Amino acid sequence: MIEKKTNVLIVTPDIHGPIRNGGIGTAFMALSQFLSKSGYNVTILYALGNHTESQPIEYWIRSYKEFNITLIPLDDEIFPYRLDAPSYRALAWKVDRWMRIHSENYSIAIFPEWMGLAYYALLAKGQGLAYRNLQFIVNIHSPESWAREGGRTLPNHLDDIDRDFMERESVARADITVSPSQYLFNWMEQNNWDISNKKVVIPNLMPVDFNRPHQKNSIHTEPINQLVFFGRLEVRKGLKVFLDGFNLIKPEFQSSISQIVFLGKPINNETFSSIEFIKNRTKNWKPIIQIITDKNRDEALEFLSDSGKLCIISSLVENSPYTVLECLEKQINFCASNVGGIPELIHEEDHAHTLFAPTPASLAHIIENKLQETFSPAKVAQTQVCIAQKWEQLIGSVITQNVDSNFIASTLDDQPNPLVSICLTHFERPLLLSRALESIRKQTYPNIEVVLVDDGSTSVAAIELLDKLSFEFSSLGWQLLRQKNQYLGAARNNAAAHARGEFLIFMDDDNVAMPHEIETFVNTIQSSKADILTCAVAPFVGNTIPDTPTDVWLPLGGSAGAGLFSNAFGDANACWRTCVFHSLGGFTEDYGVGHEDWELFADAVLSGYRLELVPEVLFWYRVNANGMLRAGDPWADHARSVRPYLRHNPGGLGSATAYAVYLRQKSRLSDHLIGKSPSFSRKLKIIARHTVNPLMWIKLGASYKQLGLKRTLNRIKLFVSERA
């Protein structure tokens, strides 16, 4: 028997209690209860902070404490800076920051793949930055792309592209991946997910109810007189199949049904309203129609346990749904569609009288059979005792193995300190160049050279500084190159052509490197085996660098999808393997057009090279109105950044992606915003929060200068709407 009292951390945006109904929340509550009962110290980091759908968060902290489980809401107040990032990136970053502080307290961290919460933390582990002694288990439940496929819906926001990438990367980078069904692993393989790490199939555990821990199961004895649609009230959960199926039931059987209940959370958005859809479709039905949307999991099961009810689970796609497992465990009379992982939950002997094809005719047929037969509860395929043993074996094997066995050392290359070439470009900013060079002189990494390219400066001050630098550069073996003004792409290529280092780090004269930037880049690129590294950025305004960052810009990394619409890859101040940079041909050299770094990053990712983000702030980025939009033409900039997609052009998708970018840019510059308007109070809160940010005023000034007042106001409206 292994020694217990091992500390286990569960990180989730969904946990039963704060969230009323959710498969992930129920699964992680059950897992936490089991681990606590088995002797482990269990902490749940609830990623949505104080958000709850019922009682205040303090109530749920006390409730979990009764099971010896510590529930910690993630507190935004612990982050001393403004984070400029889309929602999924921001939440995963905050989780990583919290874990950096507390990770030494835990041996195992368990995440869902959902929302990609583990993404930045797993990047940090793979790059050797943190979590050396922490094993990551990703327990997959419902990837967003899987749910959209099942619901026959399209992504409706750019954040959905981030989310898909982060979920895939979380699964690929986990130490162990657990699925409650073999079906979902099969689906991932068919959809090109990387699940080459250790993968284990373990069905979900059943939780102990907070308020009714010893509730007895009920055996149905009365004839069926009620049908209950059980599940979220949406098409993906089979709502339309159920409605169409009832219309196909023979009249003599319909007459025995006195009431039809729709039990689940409703959907209400710009494209679908559950309540209106149900009311319109059932207005001529004879049975009494009841729509119940406010019951939590425990209350819903108590409602279903009454005799006379037949529970219908008609989903079009499912992984391993608790709706089915709960009906099996509580011996509720039910039938379910034979999709996804549902058949894996039910004993084979009971498939014939419990499962139906997800079509109206098949549903009508099984309901008619259920109305005529004597109720005999279906049996589970695997008992809870068996499932608990599998979890015990998995957690035990993780604890007893050598936790360092899969850790990649950070000094695998032949040279412990390979030469790094800093490719520094300059044009008419001698004061800023002096500060950039001073930050390079303070680097903790010992083996560097600087290749400085002046891109045609003619001012007296700039020429005097360059002349003064000549002696220092010569004595250090650094290089100072002067060329006619050709713009950034040509200047950077010139520097790279003369560089001698194994790695290149590009830097502009208005950047200021933090002392550990080069050392961190070198260590992480060797640990991760990446080809290109970008990082988080600390922007600032003016000539004085803050003592600590007040703002952080957070890129995503190597997502070709997200990088189509915005530079999600990272800033040009990045680290490259020299051979990779030259194999791509370097930057294109269009004069007077921006996005040259964005274009090259996209080309690298589409060419199959690994671009990763270092989840650390490594340099200061000076923001000024002249620099923000110096290219002058946003349409030309975007036409440049989309060129790699046109060049690679798989099956003609290049032009399609270019058209998608056109539509996106057109909508952003449109005089009208499409979609439901956020509340006025919500808008005011967002405006108030960003009004005190000096970076925002810089951006507004640049936008006004570039686009004029009307379009700038429209951009403000779009900015507020997206964040609301």
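Between residue 338 and residue 54, what is the label-point separation in nm under the 7 Å Cα-to-beta-carbon projection? Between residue 54 and residue 338, the label points sit 3.6 nm apart.
How far is helix 488-498 tilted off the main Cα axis of the chain, in degrees rounded to 10, range 0 to 90? Here the helix axis deviates by roughly 70 degrees. Note on residue 666: aspartates and glutamates with a C-alpha under 17 Å away, same-chain residues under 8 apart excluded, are 633, 637, 722. Each part reduced to its alpha carbon centroid, segment 256-315 and segment 72-89 end up 37 Å apart. Looking at segment 226-381, the DSSP beta bridges with both ends there are about 10 percent antiparallel. For the chain, the mean residue ellipticity at 222 nm estimated from helices alone is -12500 deg cm²/dmol, where every DSSP H run of n ≥ 4 contributes -39500 (n - 2.57) and the total is divided by all residues, rounded to the nearest 500. In terms of Cα atoms, the Rg and Dmax of segment 541-643 work out to 14.5, 40 Å. The angle separating the long axis of helix 239-248 from the principal Cα axis of greatest extent in the chain is about 30 degrees. Here the label points at residue 65 and residue 666, each 7 Å from Cα along the C-beta direction, are separated by 5.8 nm in the simple model. For the pair segment 414-445 / segment 329-373, the C-alpha centres are spaced 67 Å from each other.
Here the gap between residue 273 and residue 352, fully extended at 0.36 nm per residue and compared with their Cα-Cα distance, gives a gain of 25.0 nm.
If contacts are Cα pairs under 8 angstrom and at least 6 residues apart, what is the relative contact order of the chain in percent? Write down the numbers at each step before the final one.
Values: 1335 pairs, mean separation 73.2, N = 724.
Relative contact order here is 10 percent.
Multiplying the residue separation of residue 607 and residue 475 by 0.36 nm and subtracting their alpha-carbon distance yields 43.6 nm. Amide H contacts for residue 574 (H built 1.01 Å from N in the peptide plane; partners 5 or more residues away or on another chain; cut-off under 5 Å): 506.
Less than 5 angstrom separates the built amide H of residue 14 from those of 47, all sequence-distant by 5 or more or on a different chain. For the peptides 232-242, 340-350, 459-469, the ranking by packing is 232-242, 340-350, 459-469, with the highest mean count of neighbouring Cβ atoms within 10 Å listed first. Approximating the spin labels as points 7 Å out from Cα along Cα→Cβ, the residue 288-to-residue 647 distance works out to 7.0 nm.
Where both residues lie in segment 420-633, what percent of DSSP beta bridges are antiparallel, nearest 5? Close to 25 percent.
Averaged across orientations, what area in nm² does the convex hull of the alpha carbons in the chain project?
Details: hull surface 135.0 nm².
Result: 33.7 nm².
Once the Cα-Cα distance is subtracted from the 0.36 nm per residue extended length, the residue 633 to residue 76 segment shows a gain of 196.8 nm.
Between 0 and 90 degrees, the angle of helix 23-37 with respect to the longest Cα principal axis of the chain falls at about 90 degrees. Only bridges whose two residues both fall in the chain count here: according to DSSP, what percent of them are antiparallel, nearest 5? Of those bridges, close to 10 percent are antiparallel.
No value in this document is a laboratory result; all are computed from the given coordinates. Because the structure is a prediction, the values reported are computed rather than measured. Note that each Cβ is placed from the backbone with ideal geometry, even for glycine, and that neighbours are counted across all protein chains shown.
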